[in-house]
1. Only residues that are touching a helix residue (DSSP H, G or I) at 6+ places or on another chain (Cβ under 7 Å) and closer than 19 Å to A:VAL285 by Cα: list them for the range A:382-402, please.
2. If you go through the range A:350-371 one residue at a time, do you hit one that is touching a helix residue (DSSP H, G or I) at 6+ places or on another chain (Cβ under 8 Å), within 16 Å of RNA strand B (Cβ to nearest atom) and of a type in the set (A, V, I, L, M, F, W, C)?
3. Filter the range A:299-328 down to residues that are under 16 Å from the mean Cα position of the chain (by Cα) and among the acidic types (Asp, Glu), then give me how many there are.
4. Of these, A:GLU123, A:GLU174, which one is within 26 Å of the chain's Cα centre (by Cα), touching a residue at least 40 places away in the same chain (Cβ under 8 Å) and in a strand (DSSP E or B)?
5. Does A:LEU18 qualify as being of a type outside the set (Ser, Thr, Tyr) and within 20 Å of A:GLY208 (Cα to Cα)?
6. Give the range A:1-38 a look and list any residue that's near RNA strand B (Cβ under 9 Å from one of its atoms) and either surrounded by fewer than 14 Cβ atoms within 10 Å (Cβ to Cβ) or within 20 Å of A:LEU325 (Cα to Cα) (or both), or say none.
7. Which of (1) without any contact (Cβ under 8 Å) to a residue 12 or more places away in the chain; (2) β-branched (Val, Ile, Thr); (3) crowded, with 20+ Cβ neighbours inside 10 Å does A:THR344 not meet, given it meets every other one?
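Any read-out appearing in this document is the output of simple, stated calculations on the displayed coordinates, not a laboratory observation. Computed from a predicted model, the values in this text were never measured in an experiment. All Cβ positions, even for glycine, are placed from backbone atoms using ideal geometry, and neighbour counts span all protein chains on display.
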Amino acid sequence: MIDLKLLQKDFETVSKRLTRKGVSTELLEGLKVKNEELKKAKAAYETLQALQNSMSKEFGVYKREGKEISELKAKVDANKIEIAKALEVQRKKQEELEKIAMSIPNMPDDNVPDGEDEEDNVEIKKVLTPREFSFEPKEHWELATQNGWIDFERGVKLATSRFSVGFGMGARLERALINFMLDFNRKRGFAEVSVPALVNAQALEGTGQLPKFEDDLYKTQDGLYLIPTAEVPVTNLYQDEILKESELPIKMTAYTSCFRKEAGAAGRDTRGIIRQHQFHKVELVSITKPQDSDKVFDEMVACASDLLTALELPHRLVTLCTGDLGFSAAKTIDLEVWLPGQNTYREISSVSNTRDFQARRAKIRYKNGKKNEFVNTLNGSSLAVGRTMVAIMENFQNEDGTIDIPEALKQYL
RNA sequence: GGAUCUUUGGCUGAGUUGGUCGAAAGCACCGGUCUUGAAAACCGGCGAGGGUAACACCUCCCUGGGUUCGAAUCCCAGAGGGUCCA
């Protein structure tokens with residue numbers, strides 16, 4: 001949620017930073033005007049309300065003393081009508097304001113590079129060198145089918161396209177990866193939590209998926225939603241709470257299934273398990289004091305990167321440009337794993353610092369001395385399990401189509 | 001699914017003949033006195049959001065409606081929790 005006070009106080013800065021995200025100055029100016037109008041409407045309403053309160057008190061005194069009340073009653077009745085009108089005006093303004101405010105993305109950090117789309121993301125570094133193949137490496141769906149690890153047709157039969165079924169080692173590898181990742185993260189200081197896969201609308205508003213991205217969410221008949229990422233339930237664990245300074249930072253890791261309609265991805269990654277409606281993910285979420293979030297961000301990136309390194313998977317780190325940055329993020333570093341079958345790097349993890357954007361929406365604060373301040377929230381995948389399997393298949397394949405298992409995983413199988 | 005009770009500030013918990021209740025008390029917490037230090041004791045502070053230079057003032061006692069000049073307190077609906085029945 002945009003900081004309306006800051007917008008009011010320092011329009012220049014806010015506008016400049018949001019322009020980089022493609023938010024028009026006109027929209028922000030409109031928002032500023034709306035905010036001022038709302039303040040006026042509120043003041044008008046409150047003045048009337050104060051009058052009503054004091055007259056009502058007087059009313060009590062009159063009755064107790066047995067005084068004549070008809071004149072006072074007439075005044076108070078008239079005022080009541082004014083209050084109703086003023087309240088309606090205020091309510092309308094509030095609604096208009098919120099509609100705009102909730103749809104404005106987070107301000108990117110100043111050091112986030114400008115850019116249109118993923119083409120303009122900036123590589124930070126490569127980790128591990130991709131191996132040389134003496135044969136033409138296959139893509140993962142071919143390997144998965146050949147080894148009987150994944151059945152694509154039966155997934156479609158059970159549900160619809162973009163669903164698949166793991167068999168044998170395909171299923172076991174998935175479970176091994178989840179355990180390996182959770183253990184790895186725990187050793188890095190992230191406490192394991194187990195959370196619901198269904199959440200209410202409030203939680204999704206808190207982390208920014210609603211109201212803007214409803215199209216990509218599965219909704220149940222009684223108004224709950226399947227989570228698109230564990231970020232939603234884990235971050236919202238502390239929704240509407242005031243944390244003690246000594247509790248921070250809170251660093252958590254959680255494994256969940258994730259569900260996405262992939263509404264805007266028609267035709268993309270239709271083969272294989274790169275883009276599924278249901279996938280497994282181990283997530284990292286941190287809640288920190290504002291001054292600590294950069295440090296924790298680096299820890300999270302390192303955690304995900306080291307995990308890939310432990311699995312002997314070549315990857316690279318890229319900073320997302322403004323055009324590719326998500327709605328809630330102030331800064332994001334993607335980890336892209338090398339896929340020899342596709343001969344390219346593909347996203348496998350995304351670590352974001354949302355600063356106080358989600359905290360403001362979800363009302364997560366901490367006591368800073370006497371004052372209550374918004375925390376910073378961060379999230380990052382560590383890792384997308386399906387994509388990790390893809391990476392293992394493609395990087396550890398042999399000429400005959402068999403697949404080796406990374407050393408680090410063997411104790412989990 | 002039916003019946004009944006219940007929902008108050010970080011926690012426990014008063015407050016049901018509507019007005020002086022944003023809300024007693026205890027615990028926890030913070031500051032101070034005392035102490036070599038700590039504990040105990042004593043003194044003080046202590047919900048949140050908006051608003052203000054600071055006050056004033058407004059809002060919030062599960063949520064949403066309603067009655068009333070006025071509601072934590074009354075009515076209706078919903079959600080959560082307990083007990084009994086199925």
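1. Within the range A:382-402, A:SER382, A:LEU383, A:VAL385 meet the criteria.
2. yes
3. 1
4. Working: A:GLU174 fails: in a strand (DSSP E or B).
Criteria check complete, one pass: A:GLU123.
5. Working: of a type outside the set (Ser, Thr, Tyr): yes; within 20 Å of A:GLY208 (Cα to Cα): yes.
So A:LEU18 fits the description; yes.
6. A:LYS5, the sole residue that qualifies.
7. Result: A:THR344 passes all but (3).
Residues are listed down the side, and each one gets a yes or a no for (1) of a type in the set (Phe, Trp, Tyr); (2) farther than 24 Å from A:LEU7 by Cα; (3) out of contact with any helix residue (DSSP H, G or I) (no Cβ under 7 Å at 6 or more places or on another chain); (4) within 10 Å of RNA strand B (Cβ to nearest atom):
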| residue | (1), (2), (3), (4) |
| --- | --- |
| A:TYR45 | yes, no, no, yes |
| A:ARG64 | no, yes, yes, yes |
| A:LYS73 | no, yes, yes, yes |
| A:ASP77 | no, yes, yes, yes |
| A:LEU87 | no, yes, no, yes |
